[in-house]
Amino acid sequence: MSQDVKDRPRAGEDEPQPEAPRSPRFPPIVYPLAGLIFGGLLVWAYSRILLSVSKDAASAIAVFTALNVLIGSALVAYGRRVRSRPASFPLLILAALLVIAAGVVAVNVTGSGGEEAGPEAASLSAKGLAFSTDAISVKPDEPIALTFDNQDAGVQHNVAIFNGPDASAPVVFRGDLVTGVASTTYQVAALKPGQYYFHCDVHPTMHGTITAGGGAGPPPGGGGGGESPGPGPGAAAQLSAKDIQFSTTTLAVTPRGGKVAIDFSNEDSQPHNVAVFNGSDASAPVIFRGDITQPGSTATYAFEAPPPGTYYFHCDVHPTMHGELTVSG
């Protein structure tokens, strides 16, 4: 027998045996479930991060993450040299845990899962040509959802807010007209601490004050003027109202003592007033807004004289009643 035959191992003695397959540590169903839960946590945490930052920052983070996913996938697919590195798996787990931790922090920072708080609710109604209240309090620096209920049938009302003591101040908000009986909700931008004047554009005698926070502001005033001492005798222009018309559409006044005046007589069955604008129509800035004069009443509207020129005037209650006021030098 040759030496090679002698050295050949007998069957079953030292011949290497194939390794038996390892039995899984957990039932097979556990692995996809664990992956699903872990992936869900990652998605949730990542969404919290994006919701807690600005839109631009969220876009930048999303693009950066997408690039990392693409690069990481390319490296993993490159070959076994990358996939078999012992440090790869712990690093991936660490990165995922950091994302989840950042999501938890984002939830605590935003307080409500990154969702913005809704506007503060406030309410106001109108009935009998009067607001239900002349004082409204709101939180400062928070948007306002002002529910306005017009209970005057067939009558138009609205709510306009001014950053000052009266309607001559800059307009903060002007709501659309609501014909009663109807209601609407005005979305008012956040107000800084202080006091604000509000009124109805159609009926300026309906007015009040909005206080944002505890901040003090200028004291609220009336609708821009009313009866006040006028200039010397003979300086006032004469104007009356009847059948929802002014007696004239052209007025001429001469300043006296730095003021001009209009003697107004309401001979109608409807309330009227006179408002003067620094322009050719009511979209121009208000120079003067007189108080509403009830039927059968009279008033002398006196105000600081504007520069010589021609100005638009109308009745706030019935804007079809209008004309031109000429102030001489």
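The values are calculated or read from the model by the stated rules, or taken from the named source; none is laboratory data. Being a predicted model, the structure only gives us computed values, none of them experimental. Note that each Cβ is placed from the backbone with ideal geometry, even for glycine, and that neighbours are counted across all protein chains shown.
Any residue in region 181-193 that is under 14 Å from LEU124 (Cβ atoms) and in the same structural domain as SER137 (by TED's automatic domain parsing) sitting within a Cβ distance under 6 Å of a residue that is small (Gly, Ala, Ser) and in a strand (DSSP E or B)? List the pairs, counting only those 6 or more apart or interchain.
What qualifies is THR185/ALA145.
Within region 293-321, which residues are in contact (Cβ under 8 Å) with a residue 60 or more places away in the chain and over 13 Å from GLY279 (Cα atoms)?
The answer is ALA299, THR300, TYR301, ALA302, PHE303, CYS315, ASP316, VAL317, HIS318, THR320, MET321.
When the residues of region 15-51 are narrowed to those that are modelled with pLDDT of 70 or more and of a type in the set (Lys, Arg), which ends up farthest from LEU97 (Cα to Cα)?
Per the criteria, the residue is ARG25.
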